[in-house]
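As structure tokens, the structure follows; a few thoughts come after it.
Bear in mind these aren't lab numbers, they're just calculated from the coordinates by the rules spelled out. Worth saying up front: this structure is predicted, and the values here are computed from it rather than measured. Every residue, glycine as well, gets a Cβ built from its backbone with ideal geometry; the counts of neighbours run over all protein chains shown.
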Amino acid sequence: MNPDSTAPQGKRLLQWLLAATVLAVMVTVLVSPVLHPVRGRWSSALWNLLHVPGFFAITWGAHTLLPSALGRTRRIFYATTAAFALGALTEIVQGHIGRSASLDDLLFDGVGIVLAVILLGRRVPWGARQLRAYVLFVAFALVLCLSPAWGRDLIDLLRSMKGNH
């Protein structure tokens, strides 16, 4: 049985309205020109990191908006496909509106989508152990997404140590 189909009508409507709002806001942000481009390694990495929660929200929102009658697996598949297609499309559009198109952004979109799929795909509520594992996985994914910034700092540190010997 789909857990969404057992939700009270008022709760389901609230979820639907929240999902529609999230999707509208995220699409607007993704295709809006940036007035002040982000500069700097860490600033850029943190800005790009916003793709992860953004596409988590897009995937969840698309899943929530799809009718329960489709079934769990189809809703997850359609939401995932729609979120990834939106990510690819917005990267193409961004290249035409003064923002830079980036494969890194699409990769970060994918991380957010995968995190949402893991959460949406659970069959029963998680216990403390599963929740801790998911939180650790999310933390690891975010640290990995920041690797272009901290990895460069690590390389610079190793080069400076090599130069001192």
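A few remarks follow.
- Range of Cα positions in the range 39-127 per principal axis (Å), largest first: 44, 31, 16
- Sparse packing (at most 14 other Cβ atoms within 10 Å of the Cβ) combined with a DSSP loop state is found for the following chymotrypsin sites (Phe, Trp or Tyr not before Pro) in the range 71-165: Trp126.
- In order through the range 63-70: 3J(HN,Hα) via Karplus (6.51 cos²θ - 1.76 cosθ + 1.60), integer Hz, x for Gly, Pro: 4, 5, 6, 6, x, 4, 4, 5
- Reported label for calculated Rg/Rh (Cα atoms, Kirkwood Rh) given (1) 0.95; (2) 0.93; (3) 1.06: (3)
- For Ser43 and Leu106, a Förster radius of 25 Å and the Cβ-Cβ distance give a FRET efficiency of 0.80, rounded to the nearest 0.05.
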